[in-house]
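Below: the structure, in structure tokens.
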Amino acid sequence: MAKKEIRSIAVLTSGGDAPGMNCAIRSIVRTAIGHGIKVYGIKRGFLGLINNDMFEMNASSVGNIIQRGGTILNSSRCPEFKDQINRKKAHQILEDRDIDALIVIGGDGSFKGAIALSTENDFPVIGIPGTIDNDISGTEYTIGFDTAVQTAIEAVDKIRDTAASNERTFLIEVMGARTSSIALKVGICTGAENVLLNNKKVDYEKISKAIRRGMRRGKNSSIIIVAEGEKPGRSYEISHILEDMHHISSKVCVLGHIQRGGSPASNDRFYGSMMGMMAVESLLDNKYQHAVVVKDSKLEVVALSECAQKSDHVMNGFEGIAEELSI
Ligand code: ADP
């Protein structure tokens, strides 16, 4: 891509919202202003881009947002952006407004859209990984994961009190449509008796044996963390099978969207701030189709294509640890 002077940029948040996106927006706006670059905030992700729904931001537009969950720019899914005609239209809108580059905060789907826009129109884009699931290839961290895990941990701790008091088994379902990152981390951090992954057949025999073994040594309650998988609510079916086939009664709690909200935890504020700053600096460094990632625990800038796939790599190797520690 030919080098160009970056005088004006735009930023959008796309796909599922995640706590810490506001920290990244704040950092982008303030870093850009510090370099004398104009910044536009695009509303509702790619939908706002094709509808020309954007506004110029200044230092005060991002005041008092570092502690707020969600995204002040709103987010959306925009299937129309998969159509090249709409991406052409989006590019024309950016050109007409003299915008030289776009920063996309989102997941692997949003990055696919960003790559298509960039490649077809020779237009600079930088990606910042933002999704609570921590499930993007090429990065060890995505903004939102820490807060989602912390929210789930607090909920599980509370449920543990009632489970212990009433001597019950609880199935607690956490988010993660295509990965079990949240489930595995929460399982280890809460001392759960078992973690049921999204992509593995449930081994009912093993679960019931473990619960009975625990009971024999005086354990009066159990917590099983369930990754929701493609169909949220799968815990109800698991609970029925445990009852009908193995005579183990259990209660179900599906945490759901509570995990998306809330004031960002420290990692999300930190990485949001650092990634936002590095995204702007990368554009000034003529990096035009890149993403800011965490690799070997360090912040780095890599080709955006490295991050455009779903991946389960982050919690690889942690499977089974919760069970081993909860004997
Ligand atoms: P996430 O970014 O969190 O993975 P999605 O997969 O829903 O979320 O993608 C968010 C948006 O990115 C989609 O609504 C669409 O606008 C855009 N997008 C996703 N995949 C593509 C693609 N293959 N080509 C163009 N745009 C895409």
Residue farthest toward the positive end of the dipole of the range 145-261, with Cβ of Lys/Arg at +1 and Asp/Glu at -1: which of G187, T147, I258?
G187
In whole Å, what is the distance between the alpha-carbon centres of the range 31-72 and the range 253-327?
21 Å
Taking Cα atoms, the helix 204-216 axis meets the longest principal axis of the chain at an angle in degrees (rounded to 10) of 60 degrees
Whole-Hz ³J(HN,Hα) for each residue in the range 46-60, computed from phi via Karplus 6.51 cos²θ - 1.76 cosθ + 1.60 with θ = phi - 60°, x for glycine and proline: what do you get?
5, 5, x, 5, 6, 9, 6, 9, 8, 8, 6, 9, 10, 4, 7
Can you tell me the mean projection area, over all orientations, of the convex hull of the range 145-261's alpha carbons? Units nm², please.
6.5 nm²
Using the Karplus equation 6.51 cos²θ - 1.76 cosθ + 1.60 (θ = phi - 60°), what ³J(HN,Hα) coupling, rounded to whole Hz, does each residue of the range 153-168 give in order, writing x for Gly and Pro?
4, 4, 5, 5, 4, 5, 5, 4, 4, 6, 4, 5, 5, 9, 6, 10
FRET efficiency for M274 and K4, Cβ-Cβ distance as r, R0 = 22 Å, nearest 0.05?
0.30
Magnitude of the Cβ-charge dipole (Lys and Arg +1, Asp and Glu -1) of the range 184-309 about the Cα centre, nearest 20 debye, reported as 720 debye
I'd like to compare 265-276, 56-67, 100-111: which one has the highest average count of other Cβ atoms within 10 Å, and what's the full order after that?
100-111, 265-276, 56-67
Cβ charges +1 (Lys, Arg) and -1 (Asp, Glu), total dipole of the chain, debye
400 debye
Could you work out the relative contact order of the chain? I mean the mean sequence separation of Cα pairs under 8 Å and 6+ apart, divided by the number of residues, in percent.
25 percent
Reach of K3 by Cα under 17 Å, taken over lysines that are not fewer than 8 positions away in the same chain:
K287
Helix axis angle, 108-121 relative to the chain longest principal axis, alpha carbon, degrees:
20 degrees
Which value, in Å², gives the accessible area per residue of the range 141-220 when a 1.4 Å probe is used on the protein heavy atoms?
45 Å²
Under 5 Å, built H, 5+ apart or other chain: amide partners of A10:
Y40, A101, L102, I103
Relative to the compact globular guide of 2.2 N^0.38 Å, what is the alpha carbon radius of gyration of the chain, as a ratio?
1.10
By a straight-distance test (C-alpha under 19 Å), which aspartates and glutamates pair with K251 as possible cross-link partners, with residues fewer than eight away in the same chain excluded?
E154, D157, D161, E167, E173, E193, D203, E205, E228, E237, E243
Out of residues 5 or more away from E173 or on other chains, whose amide H comes under 5 Å of its own, with H placed 1.01 Å from N in the peptide plane?
V226, C253, V254, L255
Could you tell me what percent of the accessible area of the chain is made up of carbon and sulfur, with a 1.4 Å probe and every protein chain present?
49 percent
If you fit an axis through the alpha-carbon atoms of helix 84-96 and take the longest principal axis of the Cα set of the chain, what angle between them do you get, 0 to 90°, nearest 10?
50 degrees
Given Cβ charges of +1 for Lys and Arg and -1 for Asp and Glu, the option among N58, L47, G70 whose Cα lies farthest towards the positive end of the dipole of the range 30-108 is G70
What does the extension gain come out to for S249 and E300, with contour length at 0.36 nm per residue minus their alpha carbon separation?
13.5 nm
Exposure ranking of E5, E237, E193 by accessible area [1.4 Å probe, largest first]:
E5, E237, E193
Among DSSP bridges having both ends in the chain, what percentage is antiparallel? Round to the nearest 5.
25 percent
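The values are calculated or read from the model by the stated rules, or taken from the named source; none is laboratory data. Keep in mind that this is a model prediction, so the values were computed, not measured. Please note: Cβ atoms are built from the backbone with ideal geometry, for glycine as well, and neighbour counts cover all protein chains shown. Accessible surface is based on the protein model in full, side chains and every heavy atom, while ligands, DNA and RNA are left aside. Shrake-Rupley method; radii C 1.70, N 1.55, O 1.52, S 1.80 Å.
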